[in-house]
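Structure first, then comments.
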Amino acid sequence: MDIFLIIVGILCLLTGLAGCVLPVLPGVPLAYGGMLLLHITDRVQFTTTQLLVWLGIVVIIQVLDYFIPLLGTKYTGGTKWGTRGCLVGTIIGLFFMPWGIILGPFIGAVVGELLGGRETAQALKSGLGSVLGFLLGTVLKCVVCGYFIWQFVAALV
């Protein structure tokens, strides 16, 4: 049974890593699931503190994944109009996977800025900030999944 759980755990980790760039898959939660499967085996026992800290990291990353594009819009000079547009675009983009998750915040920020009376160049800059925020979120997810993979392998060796 341990071998089966380890194999399924490896599949969860690899699927989780793929989920960092494929918005359809919940990457970090899947990778955490792989860690839990390894913990269930008789071969490796993580501490309760480790599991809870990792769970906290997973929750934080999942929440940040939706808000980092908003911060990207804000820090590239976007106004409240652009930030709200980015939020609306993110929500609407969820219905048009996979491209909607990238284009939704961008289009929402641009449209929001234009509705707020900003120039096209500034609106595009705010939209670019949302895309950069999305890319930062993707990097953060990859780092966490990479860390989980490293911990998984280190625990087995």
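Tabulated values for the structure
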item	result
Scope the range 75-107; condition assigned to a helix (DSSP H, G or I) and of a type in the set (Val, Ile, Thr); matching residues	83, 88, 90, 91, 92, 101, 102, 107
Of all residues in the range 141-157 being part of a helix (DSSP H, G or I) and over 13 Å from residue 31 (Cβ atoms), the one that is modelled with the lowest pLDDT	156
Subset of the range 92-103 that is within 15 Å of residue 133 (Cβ to Cβ) and within 15 Å of the chain's Cα centre (by Cα) - its residue that is surrounded by the most Cβ atoms within 10 Å (Cβ to Cβ)	93
The range 24-45, subset more than 13 Å from the chain's Cα centre (by Cα) and closer than 30 Å to residue 95 by Cβ, residue least open to solvent (accessible area, probe 1.4 Å)	34
Close pairs from the range 121-133: first closer than 17 Å to residue 90 by Cβ and β-branched (Val, Ile, Thr), partner open to solvent by 40 Å² or more (accessible area, probe 1.4 Å) and in a helix (DSSP H, G or I), Cβ under 8 Å, at least 6 apart	131/102; 131/106
Selection status of residue 52, open to solvent by 60 Å² or more (accessible area, probe 1.4 Å), at pLDDT 90 or above and under 29 Å from residue 149 (Cα atoms)	yes
Contacts under 8 angstrom Cβ, first residue in the range 46-74 being assigned to a helix (DSSP H, G or I), partner open to solvent by 70 Å² or more (accessible area, probe 1.4 Å), 6 or more apart	68/136; 70/87; 72/132; 72/136
So residue 110, is it in a helix (DSSP H, G or I) and open to solvent by less than 40 Å² (accessible area, probe 1.4 Å)	yes
Residue match in the range 120-135 (condition: under 23 Å from residue 55 (Cα atoms) and open to solvent by 50 Å² or more (accessible area, probe 1.4 Å))	yes
Scan of the range 1-53 for residues that are of a type in the set (D, E, K, R) and in contact with a Ser or Thr (Cβ under 8 Å, 6 or more places away or on another chain), ordered by number	2
Odd one out for residue 53 among (1) out of contact with any Asp or Glu (no Cβ under 9 Å at 6 or more places or on another chain); (2) farther than 30 Å from residue 2 by Cα	(2)
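Yes/no matrix, rows are residues, columns are (1) touching a Cys at 6+ places or on another chain (Cβ under 9 Å); (2) under 29 Å from residue 96 (Cβ atoms); (3) of a type in the set (Lys, Arg); (4) in a loop (DSSP other than H, G, I, E, B):
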| site | (1), (2), (3), (4) |
| --- | --- |
| 5 | no, no, no, no |
| 9 | no, no, no, no |
| 22 | no, yes, no, yes |
| 36 | yes, no, no, no |
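Residues are listed down the side, and each one gets a yes or a no for (1) open to solvent by less than 60 Å² (accessible area, probe 1.4 Å); (2) within 23 Å of the chain's Cα centre (by Cα); (3) at pLDDT 95 or above:
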site	(1), (2), (3)
1	no, no, no
6	yes, no, no
9	yes, yes, no
47	no, no, no
71	no, yes, no
79	yes, no, no
82	yes, yes, no
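The values are calculated or read from the model by the stated rules, or taken from the named source; none is laboratory data. Everything quoted here is computed from the prediction, not taken from an experiment. We place every Cβ from the backbone using ideal geometry, glycine too, and count neighbours over all the protein chains shown. Keep in mind that these areas ignore ligands, DNA and RNA; they rest on the heavy atoms of the full protein, side chains included. Shrake-Rupley method; radii C 1.70, N 1.55, O 1.52, S 1.80 Å.
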